[in-house]
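No lab work stands behind these numbers, since they all come straight from the coordinates. In this text, all values refer to a predicted model and were calculated from it rather than measured experimentally. Here the Cβ positions follow ideal geometry from the backbone for every residue, glycine too, while neighbour counts run over all protein chains shown.
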């Protein structure tokens, strides 16, 4: 009798452990946030809200490196309801099953942050949301020096936090600062824009805009072969722009 009782207890422990293990696996599955890439939705996202970037980029910039296992941001084909865009679909069922939670008219970082908090149970770090706001203000600034000043505050704040120094938002702020610096000095005399662009590409090797900006900075400094390499990396990161990148490569080669 005692032996049977021990076996029952052992079976119960095994089953309970299996349930906990399966549950833990489901918790590790990230919420998938899909951003409509239809032309209508993309055009409805105000460039000033993200300093010329896309809604998908805004969502990525709100996720800290530690949150990448919790939230996955993906581009999506048309999600319907085009007249109500930009549109976002969120699925937190792990395997993509079940129905998506739809959000319409997402036009600013604050709304994106609220979606992450409510649907993904992920609360973006306040510093990332503040950086998004600073980048939006930089996008509205008319003076390159003002843009550089604003973006420097974001870069310095994020870089000074060990948990956020490699965040997607740092790469974007660096790219925007590099662009502003080249607006102020098209030849990039001091090489500051080049430094920003190189660091951005290192932080975000799949970030196409970083490679595009690095190509511009290298060209400004007379490094045409380096610019060609950067354009090719840009095309790898953004295959839809391959034809445009090919034209850029041909133009740069002609300048060598």
For this session: Using a 10 Å cut-off on Cβ atoms, rank the peptides 146-155, 205-214 from the highest mean neighbour count down.
Result: 205-214, 146-155
Problem set entry | Extended-chain gain in nm, criterion 0.36 nm per residue less alpha-carbon gap, residue 78 and residue 39 | 13.2 nm
For this session: With N denoting the number of residues in segment 200-241, provide Rg(C-alpha) divided by 2.2 N^0.38 Å, to two decimal places.
Result: 1.03
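How much length is gained if the chain between residue 152 and residue 118 is pulled fully straight, taking 0.36 nm per residue apart and subtracting their Cα-Cα distance, in nm to one decimal?
Values: separation 34, 0.36 × 34 = 12.24 nm, distance 3.10 nm.
Stretched fully, the residue 152-residue 118 segment lengthens by 9.1 nm.
So how much slack lies between residue 241 and residue 254, counting 0.36 nm per residue of separation and subtracting their Cα-Cα distance, in nm? Can you show the working numbers first?
Numbers: separation 13, 0.36 × 13 = 4.68 nm, distance 2.02 nm.
Taking 0.36 nm per residue and subtracting the Cα distance, the gain is 2.7 nm.
Going by C-beta contacts inside 10 Å, put 78, 36, 92 in order with the fewest on the left.
Numbers: 78 14, 36 27, 92 20.
Taking fewest neighbouring Cβ atoms as first place, the list is 78, 92, 36.
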